[in-house]
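S.K.: The following block contains the structure, expressed as structure tokens.
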Amino acid sequence: MADRLLKLRYPATCAHCASSLTPGDQGWWDSESRIASCTRCRPPGADRPPITTAASERLDSDGLPALPSMNPPGGSAQQEYLKRHQRRESQIEQRWGRLSGVVKFLSDDPQSTKAWAKGSEGERKLAAHLVRSIGEHAIMLHDRRIPGTRANIDHLVVAATGVWIIDAKSYRGKVEQRDVGGWFTTDRRLFVDGRDRSALATGLFKQTLAVLTALDNVALDVDVMAALCFVDSEWALFAKPFLQAGVLVTWPKLLCKAISELGSLNRDQIVQVAECLANGLPAATPH
């Protein structure tokens, strides 16, 4: 049997309720499908429940169909973290031999490696928030690959308002927009924790182009919006979401509010658009 109950070594997301599982939590792990389940959804001794669409493609009360291309959020970032972590452990074992266990205990992964795990956790947190807030009114596709590249799209949400391309960021510090222009010029930049992070917004141009290309065969007028969503960052007391290079910069609660506004797409059109995106932008990782 591929799945077993154990203490998880790495962050994961329950495939049934989309809750985050942290290292040390007890949970079920299927090594073949690489799917985790929390003990609330599957208590010890219980049979495996059927995989629902809670973690990605969700049904609404009127029968919005699930898509067959379910993919867990944060999968690509988690795979990259595991690859780097395991490569480092292998290098330590080759160099230190019997002392490798002590070296591993006294050292830690470099920040460049831990950043991948943190990014994966941020994607899972945002996915869980999306499911709780708008899961009954939208179809979600997580961790989609841009054909011909190694790049991926964290989240695609198809709702009445259109298609939302969402890049989840798990940065610390205050998010703000500053005008760094001179006396007679305007130059608005995105700053996070005092550092210019404007490139995060322009980085979504490639993702937007990929989505527009995937929608070429859809005979519908579909709005396509791009958003940077900061999951763990700080905002000023009266801060509001803002546009940076045409990209909405926001946080989970107000992102869900924007997605759930009234829009022009009906149920059948939402399904049509989501199926087109699922075919044009395949799952980035195996599941």
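The values are calculated or read from the model by the stated rules, or taken from the named source; none is laboratory data. All figures in this text were calculated on a predicted structure; none of them were measured in a lab. Here Cβ is always computed from backbone atoms with ideal geometry, including for glycine, and neighbour counts include all displayed protein chains.
S.K.: Just give me the residues in region 23-58 being modelled with pLDDT of 75 or more and of a type in the set (Ser, Thr, Tyr), in sequence order.
M.R.: Hits for region 23-58 are Ser37, Thr39.
S.K.: Only one residue in Ser100, Ser107, Ser112 is over 18 Å from the mean Cα position of the chain (by Cα), outside the structural domain of Ala168 (by TED's automatic domain parsing) and at pLDDT below 60. Which one? Break it down stepwise before answering.
M.R.: Values: Ser100 fails: at pLDDT below 60; Ser107 fails: at pLDDT below 60.
Among Ser100, Ser107, Ser112, only Ser112 is over 18 Å from the mean Cα position of the chain (by Cα), outside the structural domain of Ala168 (by TED's automatic domain parsing) and at pLDDT below 60.
S.K.: Please state which one of Ala117, Ala128 is touching a strand residue (DSSP E or B) at 6+ places or on another chain (Cβ under 9 Å), farther than 23 Å from Phe205 by Cβ, surrounded by fewer than 24 Cβ atoms within 10 Å (Cβ to Cβ) and at pLDDT below 85. Full working, then the answer.
M.R.: Values: Ala117 fails: touching a strand residue (DSSP E or B) at 6+ places or on another chain (Cβ under 9 Å).
Ala128 is the lone residue from the list that is touching a strand residue (DSSP E or B) at 6+ places or on another chain (Cβ under 9 Å), farther than 23 Å from Phe205 by Cβ, surrounded by fewer than 24 Cβ atoms within 10 Å (Cβ to Cβ) and at pLDDT below 85.
S.K.: Only one of Leu190, Leu237, Leu228, Leu243 is surrounded by fewer than 16 Cβ atoms within 10 Å (Cβ to Cβ) and at pLDDT 95 or above. Can you tell me which? Break it down stepwise before answering.
M.R.: Details: Leu190 fails: surrounded by fewer than 16 Cβ atoms within 10 Å (Cβ to Cβ); Leu237 fails: at pLDDT 95 or above; Leu228 fails: surrounded by fewer than 16 Cβ atoms within 10 Å (Cβ to Cβ).
Of Leu190, Leu237, Leu228, Leu243, the one residue that is surrounded by fewer than 16 Cβ atoms within 10 Å (Cβ to Cβ) and at pLDDT 95 or above is Leu243.
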